[in-house]
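The structure under discussion appears below in the form of structure tokens.
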Amino acid sequence: MIKLFKVKEKQREIAENANGKTPVKKQSAGELRLHKDISELNLPKTCSITFPNGKDDLMNFEVSIRPDEGYYLGGTFVFTFQVSPIYPHEAPKVKCKTKVYHPNIDLEGNVCLNILREDWKPVLNINTIIYGLFHLFTQPNYEDPLNHEAAAVLRDNPKLFESNVRRAMAGGYVGQTFFIRCI
Amino acid sequence: MAGTAASPSRSRDLDKLLLRPGNLVGPTFEPGTELRDDLQEYARILVVGAGGLGCELLKDLALSGFKNLEVIDMDRIEVSNLNRQFLFRVEDVGKPKAEVAAKRVMERVSGVNIVPHFCRIEDKEIEFYNDFNIIVLGLDSIEARSYINSVACSFLEYDSDDKPREETIKPMVDGGTEGFKGHARVIVPGVTPCFECTIWLFPPQVKFPLCTLAETPRTAAHCIEYAHLIKWDEVHSGKAFDPDDPEHMKWVFSEAVKRAELFGIPGVTYSLTQGVVKNIIPAIASTNAIISAACALETLKIASGCSKTLSNYLTYNGVEGLHIKVTEFVKDKDCLVCGPGVLIELDTSVTLEKFINLLEEHPNLQLSKASVTYRGKNLYMQAPPVLEEMTRSNLSLPLYDLMDKVAKDVIHVTGTTGKNDKKTSCLRKLRVVFKGVDGVTDMDMAGGA
Ligand SMILES: [Zn+2]
């Protein structure tokens, strides 16, 4: 290809005297796939999505979940999504912004949901994750604990677990931990 | 016989390749001293990464007769690099890798000029990359490869018959190693598969369940990931962990050690901590040397045509015995990054709404309910309702105006295609050309540069 390089080098020297090109924004393959996911979202009425940085930043968004049954009925829980440029090769990073008393979500907002980590596959999408998160509220499980204490209470004393959840959602202390009202 | 008087013994072996005709040469090969001189004068090569592979690549390319090299790397030298990144000395610790690597190779190989760039690859303008004839990658991350690939493919243009225009092709040579394994590949955008066509070749990173890390750690890696993913947030509320900050890494290491002691788990070391957190398998100097040699030779072959190039993916495995295999992967013809996309000609008066309707009627597309995105601007979104509302007002505007009045460019659309009763969703690349606008030739953009 050296002949071609030679021609190009000559062109480059000429171009250097001409005006520069306008800077170009690159759209990563991950951004494009995410565009597809988002434009095909089909959310249950209990979930809604917002884009804090406006319509042109789809890589960072928030999902609010308002469970319509179970222990967490009436609460609103906000999750932040951070999507990588190599999505869907890599799962989005998801954190729970609302402090919640939950066996599978710790007080820092880390979420134990298999499809966010060990079971992520590129065929899954944002819709699947939101449904997965929704299920955590209708079916919290004590077998994959991130909040060890909450998990133990759910396992040994579901009635106490229920009242702890109500107290946390109403805004108040469970043990030493204060929860902000989210109803 | 010795070479010509102008070329001392250093290029004698190279001359055997470049000055004599052969049977296995590339299609455009023209042997002779002009070729050798042109390679030195006109071939401009960028090496991305100045780590284990990058050091080898710079040395190999300089010794292969290339004189115009540049290298880009954002890292500074660490003590743990010194065992294999042979251009660095103890007194270089803390200095930028790109600068030291360039200096050391220039000291040893006379006549070569290496320009270092101590910055992130994203910090450079896209046009910076267009100045090079070949981009050689010595990287350890998928993200960085994906980025460079999308930049190189963005220079590619197709003609109206969907054939790539040769002068817009930016070849890449990609090397990678993990322990005793490695790969070398030649990417000629528009001709051979690009990185994105075959991203599935990279195994996904192993991710442990968070509850395992929190509750039942069994390995040293579990303890490290606990410190990195859970403990860090607990202690540094709100402050993001930076894997490139040595202080952060040391903190994670010391917490991982505490965790490992608590559960009686052996094996947490600082280098393992770095490896787990950055998803890096320890590099082996000789594997780097083998892969780099293959990459440098392919670079020489692409530039000179002195032999056919690797077609197109070499894997090297020295774990059990020694296995080398070359696989010819095929392009994804619908690749969003390197593919031609579907050519669409429009009048400048066509509104976004009309455009969306046209996509449904287009014989090659039949795409209904399209959402449209252009260079990171979402022009119209069918869902969710919040975005539909924000983009609805664009529907009545001319697409030409929404695309900043450029005569031709790439645009992406998502929608559903229906054959018979089966609806499938799809994401397509389109080359939009506006009729009757100055600057339009019969040649069209491929990548959106
Ligand atoms: Zn491709």
> For chain A, what is the mean residue ellipticity at 222 nm derived from helices alone (per DSSP H run of n ≥ 4: -39500 (n - 2.57); sum divided by total residues; nearest 500 deg cm²/dmol)?
Replying inline: -10500 deg cm²/dmol
> What whole-number value in Å² describes the accessible area per residue of chain B for a 1.4 Å probe?
Replying inline: 46 Å²
> Quick one: what does P(r) look like for the protein assembly as shown with 10 Å bins over all Cα pairs, in whole %?
Replying inline: 3, 14, 22, 23, 19, 13, 5, 1, 0, 0
> Given C-alpha coordinates of region A:52-155, what is the ratio Rg to Rh with the Kirkwood estimate of Rh?
Replying inline: 0.97
> Principal axis lengths of region B:1-118 from Cα atoms, whole Å, largest first?
Replying inline: 47, 28, 22
> So what's the gap between the Cα centers of region A:31-98 and region A:99-161, to the nearest angstrom?
Replying inline: 16 Å
> If you count the DSSP beta bridges with both ends in the protein assembly as shown, what percent of them are antiparallel, to the nearest 5?
Replying inline: 70 percent
>> Helix-only mean residue ellipticity at 222 nm, chain B, DSSP H runs n ≥ 4 weighted -39,500 (n - 2.57), per residue, nearest 500. What is it?
In response: -9000 deg cm²/dmol
> What is the sum of charges around A:Asn114, taking Lys and Arg as +1, Asp and Glu as -1, for the other residues whose C-beta is under 14 Å from the C-beta of A:Asn114?
Replying inline: -1
> What share of Cα pairs, in percent, lie more than 21 angstrom apart in region B:107-204?
Replying inline: 41 percent
> By the gyration tensor of its Cα atoms, with a ≥ b ≥ c the square roots of the eigenvalues, what is the shape of region B:164-204: rounded for a/c under 1.5, prolate for a/b over b/c, or oblate?
Replying inline: oblate
> Sorted by accessible area (1.4 Å probe), largest first, how do B:Asp73, B:Asp332 line up?
Replying inline: B:Asp332, B:Asp73
> Which is farthest toward the positive dipole end of the protein assembly as shown among B:Thr212, A:Asn60, A:Pro158, measuring Cα position about the Cα centre, with Cβ charges +1 (Lys, Arg) and -1 (Asp, Glu)?
Replying inline: B:Thr212
>> At a 4.7 angstrom Cβ threshold, list every cysteine in chain A that has nobody to pair with, or say none.
In response: A:Cys47, A:Cys96, A:Cys182
> Based on the alpha-carbon gyration tensor of region B:361-437 and its eigenvalue square roots a ≥ b ≥ c, which shape applies: rounded if a/c is under 1.5, prolate if not and a/b is larger than b/c, or oblate?
Replying inline: oblate
> B:Leu336: accessible area at probe 1.4 Å, nearest 10 Å²?
Replying inline: 40 Å²
>> Contact order normalised by length for chain B, with contacts defined as Cα pairs under 8 Å and 6 or more residues apart; what percent is it?
In response: 15 percent
>> Could you give me D for region B:292-449, from Stokes-Einstein at 4 °C and 1.567 mPa s, where the hydrodynamic radius is the Kirkwood radius over C-alpha pairs? Units µm² s⁻¹, please.
In response: 70 µm²/s
> Toward the positive end of the charge dipole of the protein assembly as shown, about the Cα centre and with charges on Cβ (Lys, Arg +1; Asp, Glu -1), which of B:Phe118, B:His236, B:Ile281 goes farthest?
Replying inline: B:Ile281
> Just which residues of region A:69-86 lose 40 Å² or more accessible area with every protein chain there, against their chain alone, with the probe set to 1.4 Å?
Replying inline: A:Ile86
> Taking the mean number of other Cβ atoms within 10 Å as a proxy for protection, how do you rank B:313-325, B:39-51, A:150-162 from highest to lowest?
Replying inline: B:39-51, A:150-162, B:313-325
>> Taking the Cα centre as origin and putting +1 on Lys and Arg beta-carbons and -1 on Asp and Glu beta-carbons, what dipole magnitude results for region A:138-183, to the nearest 20 debye?
In response: 280 debye
>> How high is the relative contact order of region A:45-129? Use alpha-carbon pairs under 8 Å, at least six apart in sequence, and give a whole percent.
In response: 18 percent
> Which residue, chosen from B:Thr177, B:Gly190, B:Ile148, occupies the Cα position most advanced towards the positive end of the dipole of region B:143-208, where the dipole is computed from +1 (Lys, Arg) and -1 (Asp, Glu) charges on Cβ about the Cα centre?
Replying inline: B:Thr177
> Accessible area of A:Arg66, 1.4 Å probe, to the nearest 10 Å²?
Replying inline: 100 Å²
>> Counting only Cα atoms, I'd like the Rg/Rh figure for chain A, Kirkwood definition for Rh.
In response: 1.22
>> I'd like the distance separating the alpha-carbon centroids of region B:391-428 and region B:192-258, in whole Å.
In response: 39 Å
> How large is the dipole of region A:80-183 about the Cα centre if only Lys and Arg carry +1 and Asp and Glu carry -1, each at its Cβ, rounded to the nearest 20 debye?
Replying inline: 420 debye
>> Counting C-alpha atoms alone, how compact is region B:47-188: give Rg to one decimal and Dmax as a whole number, in angstrom.
In response: 15.7, 57
> Taking the alpha-carbon centroid of each part, what is the distance from region B:88-119 to region B:26-86 in angstrom?
Replying inline: 12 Å
>> Given Cβ point charges of +1 (Lys, Arg) and -1 (Asp, Glu) and nothing else, what value in debye, to the nearest 20, does the dipole of chain B about its Cα centre take?
In response: 1000 debye
>> Past 25 Å, Cα to Cα: identify those pairs from A:Lys26/B:Lys170; A:Lys95/A:Lys121; A:Lys121/B:Lys170, in the order given.
In response: A:Lys121/B:Lys170
> What total accessible area, in Å², is buried where chains B and A meet, using a 1.4 Å probe and rounding to the nearest 100?
Replying inline: 5400 Å²
>> Computing the accessible area with a 1.4 Å probe over protein heavy atoms, can you report the carbon and sulfur percentage for chain B?
In response: 53 percent
> What ranking do B:209-219, A:101-111 get when scored by the average of other Cβ atoms within 10 Å per residue, highest first?
Replying inline: A:101-111, B:209-219
> Relative contact order for region B:295-449 using alpha-carbon pairs under 8 Å, separation at least 6, rounded to a whole percent?
Replying inline: 22 percent
> Can you work out D for chain B in µm² s⁻¹ from Stokes-Einstein, where Rh is the Kirkwood radius over C-alpha pairs, the temperature is 25 °C and the viscosity is 0.890 mPa s?
Replying inline: 98 µm²/s
>> How large is the convex hull of the C-alpha atoms of region B:68-115 per residue, in Å³?
In response: 66 Å³
> Cα gyration tensor of region B:386-429, axes a ≥ b ≥ c as square roots of the eigenvalues: rounded (a/c below 1.5), prolate (a/b > b/c) or oblate?
Replying inline: oblate
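The values are calculated or read from the model by the stated rules, or taken from the named source; none is laboratory data. In this text the structure is predicted, and so the values were computed from the model without any measurement. Virtual Cβ from ideal backbone geometry, glycine too; neighbours counted across all protein chains shown. SASA here: full protein model, heavy atoms, side chains in, ligands and nucleic acids out. Shrake-Rupley method; radii C 1.70, N 1.55, O 1.52, S 1.80 Å.
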